[in-house]
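A.B. asks: One structure, pasted below without further comment.
Derivation of every value follows stated rules applied to the coordinates shown; laboratory data play no part. Quick caveat, the model's predicted, so the values are computed rather than measured. Note: ideal-geometry Cβ built from the backbone for every residue, glycine included; neighbour counts use all protein chains shown.
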Amino acid sequence: MTPRLALEHLWSLAGCDPAALDSIHLDGNDPGLPSVYRVGTLAASTIGAAGLAAAECFRLRTGCRQRVEVDVRRALVAFRSERYLRVNDELPRELRHPVTGFYATRDGRWIQLHTNFPHHLHGVLSVLGCENSREAVAEAIRGWDGAALDTALADAGLCAALVRSPREWAALPQARAIADLPLIEIERIGDAPPQPPGRGGADRPLAGVRVLDLSRIIAGPVAGRALAHHGADVLLVNGPHLPNIEPLVIDNGRGKRSATLDLREAAARDTLLALASEADVFLEAYRPGALTARGFGPQALAQQRPGIVYVSICAYGHTGPWANRRGFDSLVQSASGIVWTESGAVSSHRAGGNQPFDAPRHLPCQALDHGTGYLAAFGAMAALARRAKEGGSWHVRVSLAQTGRWLQSLGQIEDGWRTPDVTFSDVADCLETTDSPFGRVCAAAPAERLSETPPFYARPPVPIGTDEPRWS
């Protein structure tokens, strides 16, 4: 599938005005990175959909239609934004803990551990009964069969995934549970009168749109960042006790203010409810049901704030036996067969048995994270446009697993893995710099180009908790 056809599919899926498609141009095609998957198509189509939705919000406010352009090369730079981040001309500290990665199991399988947060690391070490070193973990895992360890770690609420083939994944109840779900769901959940996409002047598509961003790491923060670079007032709200990864705070915090609220406390919940009562978009990336238990589910907020656009992002989908399983982009790649296919394509060895490759290999970027983030931003803006025309409160749902499923459906590129990789010096024209409390930040610029309202970040990234939890 070409980037243009993928974009048209997204636009139709969201019920957007087909006439707007005449206003966007996509340039370039796959392969742009070493992969058998059409990662460039995913990048250009999701970013293009978000850019065109921003242009539509601007048109609804001003009557002015504008041109949108997305180049596959620039879109792929945005999809690897954390890889190109520099602070004071230096690489930020390592994102991964040494124990994170792939391990061979007793029965000749591979399992991936995600231990970048201390409580996840300690939990894995407890299940394995070993010391905190990669060597000790590898030795312990060689005493387990892959599927048994995958289940044990999941039951303990930890982050891991057995590397499965696409056929193995398709046979699982979780894959069947999400097979009939649309890639992006935009559901009306309440009544409200029509409201414009934003408040005040309309010099930018989302000027005056208030967004509460309750997310961490990549997918959710990318969605909030995309809304910010089209002019939204984005307030990031993190729990002060929750771990973060500083390079991702810097990269994905551009354009946002940052506050902390401990939702275990009644006063903090009251503050968040007051903020939500004046918000347009409530963006969350907790496991399904987690915020509902605190009183911040979509139905509750639709009653509290008629006209709210509630955006939910999760790992494996909002339904099915894995709905509450913890997951990250790389783990979903492993579980769903993406790693299997990518690894098999580059392996010179075709051994029999369970694994047709020598070592597992991920996609060349966090494509599920970024793709899901841009889909969430697109869904939020499509829902704001619907609210402007017909009123209502809306719930947008996306997941990493559904994005991965769509990527797999786009087809493969024979020998795409032979494509030369892209280095920092190759993408200098796609980067921008700004001064921040962290230092001089060099990072990927917005990939979409809008003729009348070019996207940009009005604020530099700031440390978590820099701002008060109130609207500016």
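A.B. asks: From the square roots a ≥ b ≥ c of the eigenvalues of the alpha-carbon gyration tensor of segment 183-320, which class results: rounded (a/c under 1.5), prolate (a/b over b/c), or oblate?
C.D. replies: Rounded, because the longest to shortest axis ratio a/c is under 1.5.
A.B. asks: Let's test the formula: R0 of 35 Å, r as the Cβ-Cβ distance of Asp155 and Leu91. What FRET efficiency results, to the nearest 0.05?
C.D. replies: Numbers: r = 37 Å, r/R0 = 1.06.
So, using R0 = 35 Å, E works out to roughly 0.40.
A.B. asks: A follow-up question, please. What does a probe at Ser12 reach in segment 34-53, counting residues whose amide N is under 13 Å from the point 7 Å along Cα→Cβ?
C.D. replies: none
A.B. asks: With no solvent and one point per C-alpha, what does the Debye sum give as log10 I(q)/I(0) for segment 36-178 at q = 0.14, 0.18 Å⁻¹?
C.D. replies: For segment 36-178 at q = 0.14, 0.18 Å⁻¹, log10 I(q)/I(0) is -0.89, -1.06.
A.B. asks: Turning to a different aspect of this structure: Given the Cα atoms of segment 259-392, and with Rh set as the inverse mean 1/r over their pairs in the Kirkwood sense, what is Rg to Rh to two decimals?
C.D. replies: Here the Rg-to-Rh quotient is 1.12.
A.B. asks: Then there's this: How many times 2.2 N^0.38 Å is the alpha carbon radius of gyration of segment 22-63?
C.D. replies: Taking N as the residue count of segment 22-63, the ratio is 1.47.
A.B. asks: Right, another one. Can you tell me which of 142-150, 211-219, 415-423 comes out highest on packing, and rank the rest after it, using the mean Cβ neighbours within 10 Å?
C.D. replies: By packing density, highest mean first, the sequence is 211-219, 142-150, 415-423.
A.B. asks: Measuring from a point 7 Å past the Cα of Leu5 along Cα-to-C-beta, which residues in segment 380-415 have an amide N at less than 15 Å?
C.D. replies: 407-414
A.B. asks: If only Cα atoms are counted, what is the Rg of the chain, and what is its Dmax, in Å?
C.D. replies: Cα only, the chain: 21.4, 65 Å (Rg, Dmax).
A.B. asks: Below 8 Å between Cα atoms, with a sequence gap of 6+, how large is the relative contact order for segment 260-309 in percent?
C.D. replies: 38
A.B. asks: Could you order peptides 440-449, 167-176 by the average number of other Cβ atoms within 10 Å of their residues, highest first?
C.D. replies: In decreasing order of mean packing, 440-449, 167-176 become 440-449, 167-176.
A.B. asks: On to the next question. Per 0.36 nm of contour for each residue apart, how much would the distance between Glu452 and Leu273 grow if the chain were fully extended, relative to their Cα-Cα spacing?
C.D. replies: Here the segment from Glu452 to Leu273 would lengthen by 60.9 nm.
A.B. asks: Compute the label zone of Arg134 within segment 88-103: residues whose backbone N is under 19 Å from the point 7 Å along Cα-to-Cβ.
C.D. replies: 92-103
A.B. asks: Provide, for q = 0.24 Å⁻¹, the log10 of I(q)/I(0) from a solvent-free Debye sum over equal Cα point scatterers in segment 2-86.
C.D. replies: Those come out to -1.11, one per q.
A.B. asks: Describe numerically, in nm with one decimal, the distance between label points set 7 Å from Cα along Cα→Cβ at His241 and at Glu468.
C.D. replies: 2.6
A.B. asks: Report the local net charge at Thr292: Lys and Arg +1, Asp and Glu -1, summed over other residues whose C-beta lies under 14 Å from its C-beta.
C.D. replies: After counting each charged neighbour, the total is +3.
A.B. asks: What net charge is computed for the residues neighbouring Asn88, neighbours being all others with C-beta under 11 Å from the C-beta of Asn88, Lys and Arg scored +1, Asp and Glu -1?
C.D. replies: -1
A.B. asks: At 0.36 nm per residue, minus the direct Cα-Cα distance, what do Cys64 and Thr433 gain on full extension? Give it in nm, one decimal, please.
C.D. replies: Using 0.36 nm per residue and subtracting the Cα-Cα distance, I get 129.8 nm.
A.B. asks: Please report the base-10 log of the normalised intensity I(q)/I(0) for segment 157-225, using a Debye sum with one equal scatterer per alpha carbon and no solvent, at each q in 0.13, 0.20, 0.25 (1/Å).
C.D. replies: -0.74, -1.13, -1.24
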